[in-house]
Amino acid sequence: MKKILLTAAIIAFGTNSHAQIKDSLRRVVKMEGAYNFRDTGGYKTTDGKEVVLGKVFRSDAIDKLSDKDLKTFKDRKIATVVDFRGIEEAKQAPDKLPQNTNYLLCPAGSNNLPTAQDMAKFLKDKNFLFDMYGEGGLPYFGERYRALFVQLLTLKPDEALLFHCTGGRDRTGMASALFLKILGVPQDVIENDYIASNFYLAKNPTMKNMYSGLSKMAGMSETEIKQQMELRPELIRNFFTAIDKKYGNIENFFQVEMGIGPNEITILKQKYTK
C-alpha cells in the first residue's frame, strides 16, 4: 500500500517531492476523521539537533474524529488545541475533542472568510494566494500565532499540543513554518514539509467537492482550480520575505508581534529540539 501511495505522490508532485513524501509518511498520525494530521518533529536543524517527535502536531479539521481517533488523541497526550479558524467557521464545525482539552480559538484574519462566490472571483486572480501569504496577510500573523507560541512556552513536559485550521494547509502551514524556522530547520526542509499537504489533502472528499463546486462557479476546469490552489514553495517563501521586509528578520518579528525575545526563543529550542 505504501508503495502505491508513493507512486501516486511522485506522479502528482514530481520526483523532487519523492523524498519528502517518503519522509513525511513516518510523521502521519492515521485518523479516520482527519486527512492531514501530522507530527511536526523529526527534522534536523542547522546546528545538528533534531525537532522532538510526539510533542507538537498539526492537522486539518477535527470535527469528525471517531471514537478510535479520540483514543489516539489521548494516547498522544494532546492536552491543548489551538484553532486558527474564524468564529463562524468554528461554530459550523466545532472540534470534537476529549473532555478537559484546553481549547483556544485564534481567528485573526479569518473572521470574514470568502464565500464560494468570492473564491470564484479570487481564482481568476493568480496572485490571490501569494498576497494572502505576503503583505495582505501580514497584519494578522502576530495576533493569529501569538497564542500558539505562548502555549508552546508553557506546555507541560508530559503533554503535547495540536494546532489546526480547516484544511491544515494555509494558516496551519504558516504556523508550522514559523515553528520550524525559529527552531533552526533549513528553509528547503520547511518548504517540503509545507507542500506535503498537497498529497494528504488529495484524499479528502471535501476538497474534491470544493474543487468541483468552484469549477462550476468560476467557469474554470477542475484542473485549473487545483493548479491555482496548489501549495507551492514560493508561497511560503513570500511569507518569510514579507516578514523580513517589515521586521528585518524572524527573530524581530517574534519580539515585536508576539513578545517572544531571545530568552524565550532559547526556551523553545531547549523544549522542542534535542
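What to note about this one:
- You can think of it this way: the chain between Glu143 and Asp23 has 40.0 nm of extra reach, that is 0.36 nm per residue less the Cα-Cα gap.
- Whether the chain is rounded, prolate or oblate, judged on the alpha carbon gyration tensor where a/c under 1.5 counts as rounded: rounded
- Long hydrophobic helices in the chain, taken as whole DSSP H segments with a C-alpha length of 18 Å or more on their own axis and mean Kyte-Doolittle hydropathy at least 1.0: 171-183.
- Shape call, region 154-194: gyration tensor on alpha carbons, a/c limit 1.5: oblate
- Annotation: the antiparallel percentage among DSSP beta bridges lying fully within the chain is about 30.
- Over the chain, DSSP H runs of length four or greater, each weighted -39,500 (n - 2.57), average out per residue to a 222 nm ellipticity of -16500 deg cm²/dmol.
- Protection proxy ranking, peptides 243-255, 224-236, average beta carbon neighbours within 10 Å, highest first: 224-236, 243-255
- Relative counts (whole %) of C-alpha pair distances in region 218-274, using bins that are 5 Å wide: 4, 16, 15, 13, 15, 13, 7, 8, 6, 3, 1
- Ligands, DNA and RNA excluded, the heavy atoms of Ser66 present near 30 Å² of accessible surface to a 1.4 Å solvent probe.
- The amide H of Ile78, built 1.01 Å from its N in the peptide plane, has Ala160 as neighbours under 5 Å, considering only residues 5 or more places off or on other chains.
- If you take the alpha carbon atoms of region 121-256 and fit the smallest convex hull around them, that volume is 120 Å³ per residue.
- Viscosity 1.567 mPa s, 4 °C: Kirkwood-radius Stokes-Einstein D of region 58-187 over Cα pairs, µm²/s: 82
- Largest GNM mean-square fluctuation among Thr115, Thr172, Thr154, using the chain with Cα springs under 10 Å: Thr115.
- Other-chain or far-sequence residues with amide H under 5 Å of Val28's (modelled H): Asp39
- Spatially proximal lysines relative to Lys121 (Cα-Cα < 20 Å; intrachain offsets below 8 disregarded): Lys208, Lys216, Lys226
- Label zone at Lys208 (point 7 Å along Cα-to-Cβ), backbone N below 17 Å, region 21-62: 32-36
- Under 21 Å from Lys44, Cα to Cα: lysines that are on another chain or at least 8 residues apart: Lys22, Lys55, Lys181, Lys269, Lys271, Lys274
The values are calculated or read from the model by the stated rules, or taken from the named source; none is laboratory data. These figures come from a predicted structure and were not determined experimentally. Cβ coordinates were reconstructed from backbone atoms using ideal geometry, including for glycine residues, and neighbour counts include every protein chain displayed. When the accessible area is computed, the model is the full protein with side chains, heavy atoms only, and any ligands, DNA or RNA have been set aside. Shrake-Rupley method; radii C 1.70, N 1.55, O 1.52, S 1.80 Å.
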